[in-house]
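Shown next, in structure tokens, is the structure this report addresses.
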Amino acid sequence: MRQRHRLWTDDDGSATIAAALAIAGLAALLLMVIYLGAAVLARHRAQHAADLAALAGAIAAVHGAANPCARARSIAAAQDGAPQVQRCTLDGQDLLVAVTVRVRLGAWGASEASAHARAGPAE
């Protein structure tokens, strides 16, 4: 009976278990930070691609191009992250562009980061 009682009160190896749990927790936290960083990076890529596409399309529109959205799509496609122009419309002399960038979030699957931009001549 005394030996069984000793097993419950003996703390040999408890530091190893605590350290293993702490390392697992830190690894999970690091993984979440990496995926959050990937999502933020995708959002920034989408915004940059939308801004550049809107500017390029607006310049093309001001210079009399028949299809300024074609120029916007070609500029967006040349950016990192494979951005896709989802919507491109001409509103007067302003060009409105909506862009999405696909981002993989590991076990949470894949999602899309989106951004909108508007460009045109100054008043």
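The values are calculated or read from the model by the stated rules, or taken from the named source; none is laboratory data. Keep in mind that what you see is a predicted model, and the values were worked out from it rather than measured. As a convention, Cβ positions derive from the backbone with ideal geometry for all residues, glycine included, and neighbour counts pool all protein chains shown.
Summed over region 92-123, residues that are touching a Gly at 6+ places or on another chain (Cβ under 8 Å) and acidic (D, E) total 1. Only one of the numbered conditions (1) assigned to a strand (DSSP E or B); (2) of a type outside the set (V, I, T); (3) without any contact (Cβ under 8 Å) to a residue 40 or more places away in the chain is violated by S74, and that is (1). If the condition is being touching a residue at least 60 places away in the same chain (Cβ under 8 Å) and buried (at least 20 other Cβ atoms within 10 Å of the Cβ), then region 52-62 contributes A53, A54, G57, A58.
Taken over region 77-93, the criterion of being part of a loop (DSSP other than H, G, I, E, B) and in contact with a strand residue (DSSP E or B) (Cβ under 8 Å, 6 or more places away or on another chain) is satisfied by G81, A82, P83. Within region 104-123, the residues that satisfy the criterion of being touching a residue at least 24 places away in the same chain (Cβ under 8 Å) and over 13 Å from A38 (Cα atoms) are S114, A115, H116, A117, R118, A119, G120, P121. Residues in region 63-99 that are surrounded by 14 or more Cβ atoms within 10 Å (Cβ to Cβ) and among the β-branched types (V, I, T): I75, V85, V97, V99. Looking at region 103-123 only, could you name the residues that are in contact with a strand residue (DSSP E or B) (Cβ under 6 Å, 6 or more places away or on another chain) and either within 18 Å of L52 (Cα to Cα) or modelled with pLDDT of 95 or more (or both)? Within region 103-123, A113, S114, A115, H116, A117, R118, A119, G120 meet the criteria.
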